[in-house]
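Enquirer: Have a look at the structure that comes next, please.
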Amino acid sequence: MQRITFRSLRLDKSLLSMGLALVIMTGWVTQAHAQTTGKIAGIVIDVDSRTGLPGVNVFIEGTTQGTATNMDGEYVIIGVPPGTYTLIASFIGFATQRTENVQVNAGLTVEIDFTLREEVFEGEEIVVVAEKPRVQKDLTATLLLFPTQKLWVN
């Protein structure tokens, strides 16, 4: 069995140079990407209780970028290209709120907070009418139903 020691290992200088260059370039690419996009963050609270609302959908209108608030009502949307956007916060049982002209800059965080108010939804009345067939072909036993008015004995 051959014993290998650190003294017996030799690194090729070109291999070492290429590895070092790869590590440096990866760091530059990561920094370059982080500097080309911005971030939107904030909190969504209930106007009456002044507490954070969990599960609120916060998204950028006209894009697929968005998120939901955490248990404290906080949210963060990362990787937003620089520009001007409309931010929307929506939650069932609360009025949807829009914030227009949100300016996102590369490498910076824009803080946008929302205060949502409860909203009552009223829909139109829906009546469902169904009729039970006299013969149910999928039953394997006999079923006999008596109306309660006919069972009443004087």
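Nothing in this text is a laboratory measurement; each read-out follows from the coordinates by a stated rule. All figures in this text were calculated on a predicted structure; none of them were measured in a lab.
Enquirer: For Asn57 and Ala106, calculate 0.36 nm times their separation in residues minus their Cα-Cα distance, and state this gained length in nm to one decimal.
Expert: Roughly 15.3 nm would be gained on extension.
Enquirer: Further question: Please give the length that would be gained between Glu122 and Ile78 if that part of the chain were fully extended, namely 0.36 nm times their separation in residues minus their C-alpha to C-alpha distance (nm, one decimal).
Expert: Roughly 12.2 nm would be gained on extension.
Enquirer: With θ set to phi - 60° and the Karplus curve 6.51 cos²θ - 1.76 cosθ + 1.60, what are the ³J(HN,Hα) couplings of the stretch 53-67 in order, to the nearest whole Hz, using x for Gly and Pro?
Expert: So the J values, rounded to whole Hz, are 9, x, x, 6, 7, 10, 8, 8, 4, x, 10, 9, 8, x, 7.
Enquirer: Once you keep just the Cα pairs under 8 angstrom separated by 6 or more residues, what percentage relative contact order results for the stretch 38-121?
Expert: 37 percent
Enquirer: Name the residues whose placed amide hydrogens come within less than 5 Å of the amide hydrogen of Phe94, ignoring near sequence neighbours (fewer than 5 apart) on the same chain.
Expert: Glu119
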